[in-house]
Amino acid sequence: MRRFGSLIAGLVILAVASPAALSSGLQERIDAAAPGETVVVEPGYYRENLKLREGVALVGSGAGATVIESAGSGPVILGAENAIVKGLTIIGGTEGVKTNGAYMGIFENVIRDAAGSAISSGGGDSVIVNNVIAGSRGKAGIEIARSRALVANNTLVDNQTALSYWQVSGGKAVNNIIAHNRLGIDRQEDSEPVFDNNCFRDNPRETEPYFSPEGSIYLDPLFVDFAAGDLALSDHSPLRALGVPVEGLPEELTAGVGADLGVEVPVADWRRFMEEARGETEAEAVEVLEYELLERLGYFLVTTRFPRPKFKVGSSTPATPIEEVSAWDVEEDEDLFSTVLGEEPPAVEVWGWETREYPVVSERYIMQSVFFQPDSFFDDHEGNLYFVRDTNFPIITIRIPEGFEIAGLSPEGDYDEEERLISISNPGRARLTVDLKLSPAVTE
C-alpha cells in the first residue's frame, strides 16, 4: 500500500511556504471563545495539540492553506459538545480528531498520518462530511463506537481500515469513496448503520465480516493524480455525476461521490445542518433502559426498548445471572427470538425473522429479563437499599419499590413520585455509574 504523507500535493500545504511552525496562541483563543463563536485559524503551519470548548468552531482558511500538526502525544484536536472542525489539514497524533464522547461536526478537512484513527467518534454522535482521510496507521480512517454518525461525501484512501463500526445502532454512510485501504468496512458487535451509494475500489478486503452494502459502486474514481497523492476527482471521473441527495447538504457536493474540497459551506449553515441531523437521529433511534427493583433483594427487572429488532444487551458486571428472558414487537404483539450468550459478563441477543422487514420505530422492540447481582442491589441491614449499576444508554429509568424514598442519587435525574420512576438523561452515551440510595418512607 502507498503511504501518501506529504504527497497529497493537490490538497495539502498549497499556501504554506515553509514548514516552520507558527506561534499561534490558538488554545488561548479557543479557551476565551463562547459557545457559538468561531476561532479562525489564519493560513500557516502550526504544531500543537488543541482542546475545543463547547459550541466553538475551529475554522481554517482551507485545507490547502492551514495545517495543524501534532506537537506531542494524544489527539491533535480533542472535541467538545456541538464543536466544529472545518477547513484544516490535520497531521499525525494518536488521533487526528477525537470527539471525546461529544456531538461534533467535522467538515472540509484533510486528516492524515494519524498513529491511530484519523477520526474517533466514541460515545457521542457526529456529522462527518466532505473530508479527505489518508494514511491512518491505527484502527481506522473513521472509527465509530457506541454512537451514531452521518458519514457523507468523504474520500478514504490508504488506511488500515476505512470505516470501523462497533456497537452502533444507527447512522448512515453515503456517497463515500473507499479506495486502496487494507479493509473497507469493519462492522462488529451487531452494528447496523445504513450504507448507501459508496464507491469501493482496490481494497484487498471490502467488508469484515462479509456483507454486501446497499447500492455499492465499484468504478475507478479516476483521481487527478493518484500516484502524486492528488485525490480530487478528474473531470472525466464517472463519480462526479453518481451521487445521491442527502437532505440538508448542498447539491453541488452530493451530486458526486467522495470529497470535493472546492465546495465550502459557511459555518452558520453547518450549525443548522447539525441541529437538523441530530434531531432526525434522535427521533430515529431512541434507546431506553429501565430498571425495576424487585421485592426479592438482589433481583431487578431489566427492560430495554430499541428502534430495531436486532440488538444485544450485556451486563455491566461479570457473574450476573440472567433469568426469564422474553422479547417481542410491541406493535405487532409478536415474539422475537432471544438467547442468553455464554459470555463474561453475560449478555442477551435478540433478533427477528430474517425474511421480514421491520420498520425503525423508537421503543417498538422490547426485551425483558431478570438480573441477579447482590453487588448491584443490596441493603445495609438498617432498612436502606442501594442500587449501583454501570450503563451507557441514552435514557435510563429506575422504578423504585413502594415504601421507599430517594435518599441519594448520582447522577441527578427527574423523579415522577406518582409513577415512582426516576429518569436520567445521557444523550452523549457516556459510560456512567448509577448510584442510588433508598430509605424507608416516613409515615405519619
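Hey, how many Å between the Cα centroid of the stretch 78-94 and the Cα centroid of the stretch 300-316? Using only Cα atoms to place each centre, the spacing works out to 33 Å. Between the amide H of residue 172 and those of 149, 150, 151, 194, distances stay under 5 Å, these residues lying 5 or more places away or on another chain, with hydrogens modeled in the peptide plane. Peptides 36-46, 171-181, 255-265, 326-336 ranked from most to least packed give 171-181, 255-265, 36-46, 326-336, packing being the mean of other C-beta atoms within 10 angstrom over each peptide's residues.
Give, in nm to one decimal, the length gained when the segment between residue 31 and residue 341 is fully stretched (0.36 nm per residue of separation minus the Cα-Cα distance).
Here the segment from residue 31 to residue 341 would lengthen by 106.9 nm.
Taking a Cβ cut-off of under 9 Å around residue 76, the surrounding Lys, Arg, Asp and Glu residues balance to a net charge of -2, with basic ones at +1 and acidic ones at -1. Protection proxy ranking, highest mean first, for peptides 337-350, 386-399: 386-399, 337-350, where packing is the per-residue count of other beta-carbon atoms within 10 Å, averaged.
What number, in percent, do you get for the relative contact order of the stretch 288-440 if the mean sequence gap of Cα pairs under 8 Å and at least 6 apart is divided by its residue count?
It comes to 27 percent, rounded to a whole number.
The orientation-averaged projected area of the convex hull spanned by the Cα atoms of the chain comes to 23.7 nm². Helical content of the chain, expressed as a calculated mean residue ellipticity at 222 nm, amounts to -2000 deg cm²/dmol (DSSP H runs of 4 or more residues, -39,500 (n - 2.57) each, divided by residue number, nearest 500).
A 29 angstrom limit on the alpha carbon distance is what I want to check against. Which of 172/437; 51/139; 139/312; 51/310; 98/437 exceed it? As for pairs spanning more than 29 Å Cα to Cα, those are 172/437; 51/310; 98/437. The charge dipole of the chain, taken about the Cα centre with unit charges on the Cβ atoms of Lys, Arg (+1) and Asp, Glu (-1), comes to about 2200 debye, rounded to the nearest 20. The C-alpha atoms of the chain define a longest principal axis, and helix 267-284 lies at about 40 degrees to it.
What does the charge add up to near residue 288, with Lys and Arg as +1, Asp and Glu as -1, over the other residues with Cβ less than 10 Å from its Cβ?
Local charge sum for residue 288: -2.
Packing here is the average count of other Cβ atoms within 10 Å per residue, and on that basis the peptides 84-94, 369-379, highest first, run 84-94, 369-379. Other residues with beta-carbon under 14 Å from the beta-carbon of residue 385 carry, at +1 per Lys or Arg and -1 per Asp or Glu, a net charge of -4. Summarised as an ellipsoid, the stretch 247-337 has semi-axes of 43, 16, 13 Å, derived from the eigenvalues of the Cα gyration tensor scaled by 5 and square-rooted, with the largest first.
Here, each number is a calculation from the coordinates, and none is a lab measurement. What you are looking at is a predicted structure, and each value in this text was computed from that prediction instead of being measured. When we count neighbours, we look across all protein chains shown, and the Cβ atoms used for this are built from the backbone with ideal geometry, even at glycine.
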